[in-house]
Amino acid sequence: MMPSLEAYSLWAETYDRIPNPVLALEERIVAPLLPALERMVALDIACGTGRWLDRMLQRGAAFGAGFDLSGEMLEQARRKPGLRGRLARGDCEAIPLGCGTADLAMCSFLVGYVSNLPQLARELSRIMRERGHLFLSDFHPSARQRGWKRTFRHKETIIEISSSHYSIDEICLALTLEGFELVNRIEPCFGEAERHIFEACGREHLPDESLGPAIFVCHFRKSGKLT
Ligand SMILES: C[S@@+](CC[C@H](N)C(=O)[O-])C[C@H]1O[C@@H](n2cnc3c(N)ncnc32)[C@H](O)[C@@H]1O
């Protein structure tokens with residue numbers, strides 16, 4: 001089992017290049033839920049290669065920025081047109097941003113790598129504006145119980161990344177204790193839209209839906225004055 005910082009330094013180069021059904025499923029679910037971004041400051045928390053930052057800027061965010069702990073993931077993000085100058089190295093447990101900065105924060109596939117969940121929740125709350133939107137996604141905890149692992153291929157080796165295991169209720173509780181309201185919680189399975197990715201990986205069949213959800217997505221709003 002490899003610590004996440006070391007793992008992402010190895011995975012960075014291929015992270016965006018190899019089609020990933022888990023990321024595709026998350027994008028299919030989250031993209032239609034995003035509010036109009038035109039007047040918003042949008043932050044990509046643990047942005048990795050800048051997947052969501054790129055999308056949010058393309059969808060017209062007034063300002064966008066991202067940070068991540070991994071220099072190698074950020075190096076990949078900097079290669080994307082439009083992201084240079086918007087990226088910083090930083091830890092989500094001490095977010096390198098001022099208080100009340102974000103109208104929208106994307107926290108995608110991070111929480112499983114965080115050892116101090118209450119501290120992440122405090123930091124997310126600190127950087128959000130009142131009524132700001134937070135989207136948080138990760139692998140579904142039940143997928144792990146069904147034998148799914150956080151792995152990637154590096155050269156000829158399959159590497160498993162060490163992670164923390166929180167229930168969705170624990171994550172929601174940590175955020176509500178810091179002033180977030182849960183708006184929506186979705187626990188989707190793979191569908192026809194992801195079939196071609198599984199086929200490209202040499203798998204004939206989609207994972208059986210009856211086995212349960214692959215990921216979860218939670219939409220929160222920071223409590224505060226309604227405008
Ligand atoms: C699965 S990747 C997700 C990247 C991106 N959010 C996405 O969804 O494509 C997890 C990311 O979390 C980052 N990460 C792990 N622990 C972190 C921490 N404490 N602070 C900031 N980033 C962290 C890793 O470097 C990696 O880029």
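Just so you know, all these numbers are worked out from the coordinates, no wet-lab data involved. None of these values were measured; they are calculated from a predicted model. Virtual Cβ from ideal backbone geometry, glycine too; neighbours counted across all protein chains shown.
Report summary: the helix-based calculation at 222 nm, which adds -39500 (n - 2.57) for every DSSP H run with n ≥ 4 and divides by the residues of the chain, gives -9000 deg cm²/dmol. Taking label points 7 Å from Cα along the Cα-to-Cβ direction, ARG84 and ARG17 give a separation of 2.1 nm. Look at the alpha carbon pairs under 8 Å that are at least 6 residues apart: their mean separation over the length of the chain gives a relative contact order of 22 percent. The residue among PRO118, ALA24, GLY100 whose Cα reaches farthest toward the positive pole of the charge dipole of the chain, with charges on the beta-carbon of Lys, Arg, Asp and Glu, is GLY100. Listed values for region 88-102 are Karplus-derived 3J(HN,Hα) couplings in whole Hz (6.51 cos²θ - 1.76 cosθ + 1.60, θ = phi - 60°), namely 9, 8, x, 9, 5, 8, 8, 5, x, 9, x, 6, x, 8, 9, and x replaces Gly and Pro.
Here's how it looks for ARG131: its modeled amide H is under 5 Å from those of LYS222, SER223, GLY224, which are all 5 or more places away or on a different chain. Pick from SER142, SER167, SER70: which is most flexible by mean-square fluctuation in a GNM of the chain where alpha carbon atoms under 10 Å apart are linked? With Cα springs under 10 Å in the chain, the top fluctuation among SER142, SER167, SER70 is at SER167.
Rounded to the nearest 20, the Cβ-based charge dipole of region 4-222 about its Cα centre (Lys and Arg +1, Asp and Glu -1) stands at 560 debye.
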